[in-house]
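Asker: Pasting in a structure now, in structure tokens, and then I'll have a few things to ask.
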């Protein structure tokens, strides 16, 4: 592992995007979001996914000229068409719109069809929290796991992110409906590491700690067995209904994952109770939470997002951790001889 | 097990409620909801919980004269005070209100403070689905499980219910954030049955299939380990913020679980796409889902709520299954000599 300054990382990412013709404020946003994922320790959706993202722009699978468009409006609920544009841009735009709707109506909801991979769902829930809103968003995906009771991948892992705003640092839960996200399995496989708990089955149908075996068998375990399996199905149906877009089984008929459906919900938490009262309430919840007797005396009990905030602070102080090979590959991407 | 006609069951439940002075249309509603839980096979929240519910009415812990009251309004988002009234009545009222808000604004959200146990969360999500809305609701509870990495119960199991409307039968996911709800553990313990998969730890800290051991150790396993633990915390914080009511750590300071906080969200799905198109979309999702190769050739893969619909049909045809002792106890409750 190597450490590089956040701005250097962000600049390099932008340089590559610009080299394929994506060179405006939306490209700056994408460079920043990829850099932020890496900064926050979300290595599953940082540098390791960037080459694939650039490839999508280069081969015109993703249209970086497209801007999302509102297609229907029902007051606090809107439908937007992502027009096969850049997933990160569409996502940020739609969460921003959900927040504007929440400002007007207390709660706002945007269904987004025809969009592409948003990388890290937590980005957009945090975007809402930064502005004092409760943020909730989820996406569907192509088929990535078998439903409970089946050996055949038929449902998405449909990540969902939820954030609660707090001045001192937001609570952020960002979870795929598989026990480990595909990105996480890929990263651990690359590092030659085992999972801490079984994350799926090997090709013989036995539970395994080996990320590579799960990627091969295509049988990751749903979170909480039948519960995560059910939740994945419900989130997919809701995303398709609210956005009017594709559901997982439609996406799976394509040659790759694109034109997915997403939902963005914002709730105006600071209007409900004011920032000071909100901070006090959340602080009291977390203070009590932190008194929970830990299983391991050397490790305190952490709320969702707490570890991320630590990593972020460390990244900003000492530089962002990057895999040396991935960093070298980034430096060499699209440089003219 | 014995079978009794739905109406007989409902009548008996109402008779007991009336005997403690709770004798109006809200009491009829409660009798019906308890009977429906039993009818749908949700034995964890049917007859087994009824004596405790009646006890709460008798000893005036629950005020059956109280009606919930709107305290704040922000357009599509409202706060209601449950005034320590009957949880089932408050819940139904607030989901109805969320639906009315959704009719006006596309989406509606109600935060309910100061309410009591709603019994089965699925009831209210189904209430929304029956009228063509996507229904989402959750509740906080007192401390019922340790967060991931701790041995001390500090978080609620905070059940959440989600329903997707469909003419042929709604999709319904009703899940506590523990792998098994407390009610389920109680029912299986009573039946002398083991859990199909580990649901928590025994008092020595080993994973166990014995429901009684988990009830004793007070260490149920969160759904998906750290994920369900995180989700429980986030749902609690959101419920407290949106409703302005108590969070789990406040409730845990009382001598028992009352004055909980809940959230109700409705989304006007039929207005988004019309009933026929909605039915077609959900049918296509489920048709593809049902083609998943089952692990056990004798058991198809089921969507959330599918098993319940089967049980409901059987209950309506052959009578509702009741535990003979519980049924006898109901017949003998509050009969004057």
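Each reported figure results from applying straightforward, stated rules to the coordinates on display, with no laboratory input. Given the structure is predicted, the values throughout are model-derived calculations rather than measurements. Using ideal geometry, Cβ is built from the backbone for each residue, glycine included, and neighbour counts are taken over all protein chains shown.
Asker: Please work out the Cα convex hull volume for the range A:28-121 and give it in Å³ per residue.
Answerer: In the range A:28-121, the Cα convex hull volume per residue is 94 Å³.
Asker: Oh, and also: Distance between Cα centroids, the range B:210-278 to the range B:1-60: provide it in whole Å.
Answerer: First find each Cα centre; the distance between them is then 24 Å.
Asker: Give the order of A:15, A:39 when sorted by the count of other beta carbons within 10 angstrom, beginning with the fewest.
Answerer: A:15, A:39
Asker: Sticking with this structure for a sec: Going by Cα centres, the range B:138-163 and the range B:61-129 are how many Å apart?
Answerer: About 21 Å separates the Cα centre of the range B:138-163 from the one of the range B:61-129.
Asker: Please arrange B:73, B:44 by counting, for each residue, the other beta carbons lying within 10 Å of its beta carbon, fewest first.
Answerer: If I rank by nearby Cβ atoms, fewest first, I get B:73, B:44.
Asker: How many Cβ atoms of partner chains, on average, are near each residue of A:67-78 if near means within 10 Å of its Cβ?
Answerer: Across A:67-78, the average partner-chain Cβ count within 10 Å equals 4.
Asker: How high is the FRET efficiency from residue A:2 to residue B:218, r the C-beta distance, R0 51 Å, rounded to 0.05?
Answerer: In this case the efficiency is close to 0.65.
Asker: Something else: Take every DSSP beta bridge whose two residues both sit in the range A:65-131, then give the antiparallel share in percent to the nearest 5.
Answerer: Of those bridges, close to 45 percent are antiparallel.
Asker: Along the Cα-to-Cβ line of residue A:254, 7 Å from the Cα, sits a label point; which residues in the range B:280-294 have backbone N less than 20 Å from it?
Answerer: Counting backbone N atoms under 20 Å from the label point, the list is B:281-282, B:284-286, B:288-289.
Asker: Can I ask one more? I need the inter-copy label distances for residue A:202: point set 7 Å along Cα to C-beta, values in nm with one decimal, smallest first.
Answerer: With the label placed 7 Å along Cα→Cβ, residue A:202 yields 2.9 nm.
Asker: I've got another one for you. Under the definition of partner shielding as Cβ atoms of other protein chains within 10 Å of a residue Cβ, what is the mean value for peptide A:171-178?
Answerer: 4
Asker: Translational D (Stokes-Einstein, µm²/s) of the range A:131-201 at 20 °C and 1.002 mPa s when Rh comes from the Kirkwood sum over C-alpha pairs?
Answerer: 152
Asker: For residue A:67 and residue B:280, what is the calculated FRET efficiency with R₀ set at 41 Å and r taken between the beta-carbons, to the nearest 0.05?
Answerer: For R0 = 41 Å, the calculated efficiency reads 0.85.
Asker: Determine Rg/Rh for chain A; Rg is computed over alpha-carbon atoms and Rh is the Kirkwood hydrodynamic estimate from the same atoms.
Answerer: 0.96
Asker: Quick one: label points 7 angstrom along Cα→Cβ at residue A:72, distances to the other copies in nm, smallest first?
Answerer: Sorted ascending, the copy-to-copy spacings read 3.2 nm.
Asker: Antiparallel DSSP bridges in chain A: what percent, to the nearest 5?
Answerer: Here the antiparallel bridges make up roughly 85 percent for chain A.
Asker: Output the direction-averaged projected area (hull surface divided by four) of the convex hull of the alpha-carbon atoms of the range A:85-126, in nm².
Answerer: The Cα convex hull of the range A:85-126, projected and averaged over all directions, gives 2.8 nm².
Asker: Sticking with this one: Shortest first, in nm, what separates the label point of residue A:21 from those of the same position in the other copies (7 Å along Cα→Cβ)?
Answerer: 7.9
Asker: Now for a separate question. Per the Kirkwood definition applied to all pairs of different Cα atoms, how many angstroms is the hydrodynamic radius of the range A:134-279?
Answerer: 16.4
Asker: What is the order of A:110, A:54, fewest Cβ neighbours within 10 Å to most?
Answerer: A:54, A:110
Asker: Mind ranking B:190-202, A:223-235 by how tightly packed they are, going by the mean number of other C-beta atoms within 10 angstrom, highest first?
Answerer: A:223-235, B:190-202
Asker: For the range A:41-175, what is Rg from Cα atoms divided by 2.2 N^0.38 Å, rounded to two decimals?
Answerer: 1.11
Asker: To the nearest whole number, what is the average tally of beta carbon atoms from other chains within 10 Å of the beta carbons of peptide A:108-121?
Answerer: 1
Asker: OK, next. Would you calculate the volume per residue, in Å³, of the smallest convex hull containing every Cα atom of the range B:248-337?
Answerer: Per-residue hull volume (Cα only) is 293 Å³.
Asker: Students often get this wrong: which residues of the range A:240-275 have the backbone nitrogen under 19 Å from the point 7 angstrom along Cα-to-C-beta of residue A:59?
Answerer: A:251-260
Asker: Based on the Cβ-Cβ distance from residue B:193 to residue A:193, what FRET efficiency comes out when R0 is 35 Å, to the nearest 0.05?
Answerer: Computed FRET efficiency for residue B:193 and residue A:193 comes out at 0.40.
Asker: Next up: Mean residue ellipticity at 222 nm from the helices of chain A, using -39,500 (n - 2.57) per DSSP H segment of n ≥ 4 over the full residue count, to the nearest 500 deg cm²/dmol?
Answerer: Calculated from helices alone, the mean residue ellipticity at 222 nm is -13000 deg cm²/dmol.
Asker: What is the diffusion coefficient of the protein assembly as shown in µm²/s, taking the Kirkwood radius over Cα pairs and the Stokes-Einstein relation at 37 °C with a viscosity of 0.692 mPa s?
Answerer: Calculated translational D: 128 µm²/s.
Asker: Let me ask you something else. If I model a spin label at residue A:15 and residue B:202 as a point 7 Å from the Cα along the Cα→Cβ vector, what separation in nanometres do I get?
Answerer: 6.1
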